[in-house]
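First up is the structure itself, then whatever we jot down about it.
The values are calculated or read from the model by the stated rules, or taken from the named source; none is laboratory data. The shown structure was predicted, so the numbers you read here are calculated from the model rather than taken from an experiment. Ideal geometry is used to build each Cβ from the backbone, glycine not excepted, and the neighbour counts take in all protein chains shown.
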Amino acid sequence: MIGRLRGEIVYKHPPQLMLDVGGVGYELEAPMSTFYDLPPVGESVVLVTHLAVREDAQVLYGFLCEGDRALFRNLLKVNGVGARMALAILSGMDARRFTLCIQQEDVTALTRLPGIGKKTAQRLIMEMRDRLDSTPRDLQAGTPSSKSFGNGGNSALAEAVDALTALGYKPADANRMARAADDGTMTSEEIIRSALKAVSPL
């Protein structure tokens with residue numbers, strides 16, 4: 001089991017990134033809560049990881065803090081919630097906001113996330129109540145980084161649309177969300193963050 005990696009960031013294309021660890025490139029997927037605080041390409045970072053083994057693939061997921069990984073793993077235990085949905089949840093709202101939604105039984109906020117209907121939201125609330133008690137308390141909301149993985153302009157918008165689509169939003173919805181959030185000067189990271197906040201405001 002791969003539980004932790006320290007390496008140099010080779011590229012960042014949310015939700016994917018690659019780390020160079022001693023000359024070996026590790027491909028990972030990560031929620032936007034992790035991407036917001038990643039250092040620039042070429043710099044070193046330490047990620048705690050979760051390895052998901054399926055019949056058709058082995059996927060490595062990376063997180064900056066243990067709290068996010070613990071929440072991700074607890075989400076995977078919920079009936080009907082897979083890794084993609086867990087990634088979308090951690091991208092659409094920070095762990096504290098998610099905990100608040102569960103405690104307040106806020107079905108409406110949860111159904112704003114991609115792939116989550118009313119029944120799934122109700123299941124999350126019912127099954128996550130007890131599991132949240134075992135999740136580490138050092139769950140921090142991601143904060144925007146002064147560095148970005150976009151180059152500005154149309155390329156930033158395109159990267160934002162691709163990232164939102166990869167997180168589970170329909171292409172048309174991803175395009176609409178990104179364009180509504182973009183003011184023409186934002187990085188892809190800023191567009192994604194703004195678009196996700198509009199869907200699930202804190």
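Please go through (1) out of contact with any helix residue (DSSP H, G or I) (no Cβ under 8 Å at 6 or more places or on another chain); (2) in a helix (DSSP H, G or I); (3) not assigned by TED's automatic domain parsing to the domain that holds G115 for L75 and return the number of the only condition it doesn't satisfy. Among (1) out of contact with any helix residue (DSSP H, G or I) (no Cβ under 8 Å at 6 or more places or on another chain); (2) in a helix (DSSP H, G or I); (3) not assigned by TED's automatic domain parsing to the domain that holds G115, the lone unmet condition for L75 is (1).
Have a look at L60, L38 and point out the one that is in contact with a Phe, Trp or Tyr (Cβ under 9 Å, 6 or more places away or on another chain), buried (at least 17 other Cβ atoms within 10 Å of the Cβ), at negative phi and assigned to a loop (DSSP other than H, G, I, E, B).
Details: L60 fails: assigned to a loop (DSSP other than H, G, I, E, B).
Within the list L60, L38, the selection yields L38.
Checking each residue of region 146-161 against the condition of being surrounded by fewer than 13 Cβ atoms within 10 Å (Cβ to Cβ) and at pLDDT 80 or above gives at least one match. The set of residues in region 3-20 being loosely packed, with under 14 Cβ neighbours inside 10 Å and either more than 19 Å from the chain's Cα centre (by Cα) or among the β-branched types (V, I, T) (or both) consists of R6 alone. Considering R84, R69, R97, the condition of being in contact with a strand residue (DSSP E or B) (Cβ under 6 Å, 6 or more places away or on another chain), surrounded by 15 or more Cβ atoms within 10 Å (Cβ to Cβ) and assigned to a helix (DSSP H, G or I) is satisfied by R69 alone. Scanning region 75-103 for residues that are of a type in the set (S, T, N, Q) and within 12 Å of M128 (Cα to Cα) returns N79, T99, Q103. Filter region 109-130 down to residues that are more than 22 Å from H50 (Cα to Cα), touching a residue at least 12 places away in the same chain (Cβ under 8 Å) and assigned to a helix (DSSP H, G or I), then give me how many there are. Qualifying residue count, region 109-130: 8.
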